[in-house]
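Scroll down for the structure; my scribbles are underneath it.
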Amino acid sequence: NNKPYQFAGYIQDKIELGFMVVNAGLRLDYLNAEVDYWDDPVEKNEKLRSKSKTHISPRVGFSHPVSENTVFHFNYGYYYQVPNYPYLFTNLQADLTTGYPLVGNPDLEPEKTIAYEFGVNHRLDEDIRVSATTYYKDISDLISTEEGVYPGGTYVQYINGDWGSVKGLDLVITKLPRGRFSGTLNYSYMIA
């Protein structure tokens, strides 16, 4: 029976200038697993108390109309994702006698993504629009596992051990519903 505390809040402001629209915001994420766990699943010397985690995520977006038919946009932000509860709470009593012992980690950090995006939207005529968006994401503190070895066998524990990056391009052509025909054509290219 675990009763973690989790809270998230977001505040945003939209600023409309004559030449640009700015959306700026901050998100607050809080997690406290509220649980005791063993410092070492093998030795079990002392119980530790999970630490609370607080993260503030700044986000800002700009939109700039270049002409009546063309708009540029840019977005930058931090994004945190709280670990799934099984990663935090699995087998905290550290029972290593099972066939494949897996031990949770209540002090996991949330996965963190820093994202950048730049794009352009252009109206070719009254009912055809084209957009191109390029993006980059730097991802850290991804959940992974680590194997521990002791004289009687092995166990696996969740850790923040992986990272990644994503970059890509999205192209979209849209035919708006005028007359009898409408549709969208999408192309995405990504390297992750």
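Can you tell me which residue is surrounded by the most Cβ atoms within 10 Å (Cβ to Cβ) among those in the range 80-95 that are part of a loop (DSSP other than H, G, I, E, B) and touching a Gly at 6+ places or on another chain (Cβ under 9 Å)? Lay out the reasoning, then the answer.
Taking the range 80-95 and keeping what is part of a loop (DSSP other than H, G, I, E, B), we get 82-84, 90-95.
Filter again for touching a Gly at 6+ places or on another chain (Cβ under 9 Å), leaving 90-92.
Numbers: Thr90: 13, Asn91: 18, Leu92: 20.
Applying the filter and picking the extreme gives Leu92.
Conditions tested, residue by residue: (1) among the aromatic types (Phe, Trp, Tyr); (2) modelled with pLDDT of 95 or more; (3) open to solvent by less than 80 Å² (accessible area, probe 1.4 Å).
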| position | (1), (2), (3) |
| --- | --- |
| Gly9 | no, yes, yes |
| Asp13 | no, yes, no |
| Leu17 | no, no, no |
| Gly25 | no, yes, yes |
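When you look at Leu31, is it part of a strand (DSSP E or B), within 21 Å of the chain's Cα centre (by Cα) and at negative phi, yes or no? Break it down into steps so the answer makes sense when it comes.
Numbers: part of a strand (DSSP E or B): yes; within 21 Å of the chain's Cα centre (by Cα): yes; at negative phi: yes.
Yes; evaluated as a whole, the condition is true for this residue.
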Counted residues in the range 111-145 being under 19 Å from the mean Cα position of the chain (by Cα) and charged (D, E, K, R) come to 6
If only one of Ser63, Ser67 is in a loop (DSSP other than H, G, I, E, B) and closer than 16 Å to Val21 by Cα, which one is it?
-> Ser67
Quick one: how many residues across the range 18-54 are farther than 30 Å from Pro151 by Cβ and among the acidic types (Asp, Glu)?
-> 2
So, of the residues in the range 96-118 that are farther than 17 Å from Gln157 by Cβ and either free of Cβ contacts under 8 Å to residues at least 24 places away in the same chain or of a type in the set (Ser, Thr, Tyr) (or both), which turns out to be least open to solvent (accessible area, probe 1.4 Å)?
-> Thr113
The lone condition Met20 fails out of (1) more than 24 Å from the chain's Cα centre (by Cα); (2) among the aliphatic types (A, V, I, L, M); (3) within 30 Å of Thr154 (Cα to Cα) is (3)
All positions within the range 67-85 that are in contact with a Phe, Trp or Tyr (Cβ under 9 Å, 6 or more places away or on another chain) and free of Cβ contacts under 8 Å to residues at least 24 places away in the same chain | none
The range 138-180: number of residues that are at negative phi and not in a strand (DSSP E or B) = 3
Quick one: how many residues across the range 127-161 are open to solvent by 70 Å² or more (accessible area, probe 1.4 Å) and either at pLDDT 95 or above or in contact with a strand residue (DSSP E or B) (Cβ under 7 Å, 6 or more places away or on another chain) (or both)?
-> 6
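The values are calculated or read from the model by the stated rules, or taken from the named source; none is laboratory data. This is a predicted model, so every value here is computed, not measured. Positions of Cβ are backbone-derived with ideal geometry, glycine not excepted, and every protein chain shown enters the neighbour counts. With ligands, DNA and RNA removed, areas are computed over all heavy atoms of the protein, side chains included. Shrake-Rupley method; radii C 1.70, N 1.55, O 1.52, S 1.80 Å.
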